[in-house]
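Q: So that we are looking at the same thing, I have put the structure below in structure tokens.
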Amino acid sequence: MYLRNLRRPRGFTLIEIVVSIFIVTLILGVATLSFKSMQDEGKLTNEGVALKLAARKLMREAIENNRSYSMTLAPSFFAVGPTYNQDALEGSLMSMSPEDAMKQIRGERHQLENGIQLWVQRWNEQMFRPPRVPFEKWVFEPGGICEPLSLRLTYGDATLSMLFNPLTAHVEDESLIIPN
């Protein structure tokens, strides 16, 4: 007796196809979340570097030029330049709308990337808060000292917090939190 294998070519079952699609979808979902986290981290890191460089530059210029310099902090930008007469400026700014007052701020302005917000915590404050409107100053004195300050950048649920050393204007402590 001659036996032949009479197996017919067989395709995939519906269950195998569904399981395969589920696995591929799961892998793509994880990859997409990882990619978004990397983008958030990149945006916050770039803006953090800009803040660090601006603080070091102001400290260096204050010492070299024997003159006070300041960083003007606002929720969506910061500006750097020589310190101006705060009393005179505040008097004129109080009669303006916050938008018009922010346009009057002198110095080299750095607009934060869309969606990123700046938060401030002074040494005697318990929590981070938005900068005061129309502006808040961080002064760098010619003697090589600045107010101890923590800044936080937020983008969605992601945060980058930086504690600046008052003697060097370098970041003393930094934490980056990117939720999954």
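Here, each number is a calculation from the coordinates, and none is a lab measurement. Just so it is clear, the model here is predicted, and its values are computed rather than measured. FYI the Cβ positions are ideal-geometry reconstructions off the backbone, even for glycines, and counts take in every protein chain you see.
Q: Would you tally the residues in the stretch 138-168 being more than 27 Å from Glu41 (Cα to Cα) and touching a helix residue (DSSP H, G or I) at 6+ places or on another chain (Cβ under 7 Å)? Give the steps one after another, and end with the answer.
A: So the first thing to find is which residues in the stretch 138-168 are more than 27 Å from Glu41 (Cα to Cα), and the list is 139-147, 167.
Subset that is touching a helix residue (DSSP H, G or I) at 6+ places or on another chain (Cβ under 7 Å): 140-142, 144, 146.
The total comes to 5.
Q: Sticking with this one: Looking at the stretch 169-178, which of its residues are within 18 Å of Glu41 (Cα to Cα) and without any contact (Cβ under 8 Å) to a residue 60 or more places away in the chain? Give the derivation first.
A: Residues of the stretch 169-178 within 18 Å of Glu41 (Cα to Cα): 171, 173-178.
Those that are within 18 Å of Glu41 (Cα to Cα) and without any contact (Cβ under 8 Å) to a residue 60 or more places away in the chain: Asp173, Ser175, Ile177.
Q: Pairs, please: C-beta under 9 Å, at least 6 apart or cross-chain, first residue on the phi > 0 side of the Ramachandran plot and in the stretch 108-121, second of a type outside the set (Asp, Glu) and loosely packed, with under 15 Cβ neighbours inside 10 Å?
A: Gly115/Gly156
Q: Scan the stretch 113-121 and tell me whether some residue there is in contact with a Cys (Cβ under 9 Å, 6 or more places away or on another chain), in a strand (DSSP E or B) and surrounded by 18 or more Cβ atoms within 10 Å (Cβ to Cβ).
A: No, there is no match, as no residue in the stretch 113-121 is in contact with a Cys (Cβ under 9 Å, 6 or more places away or on another chain), in a strand (DSSP E or B) and surrounded by 18 or more Cβ atoms within 10 Å (Cβ to Cβ).
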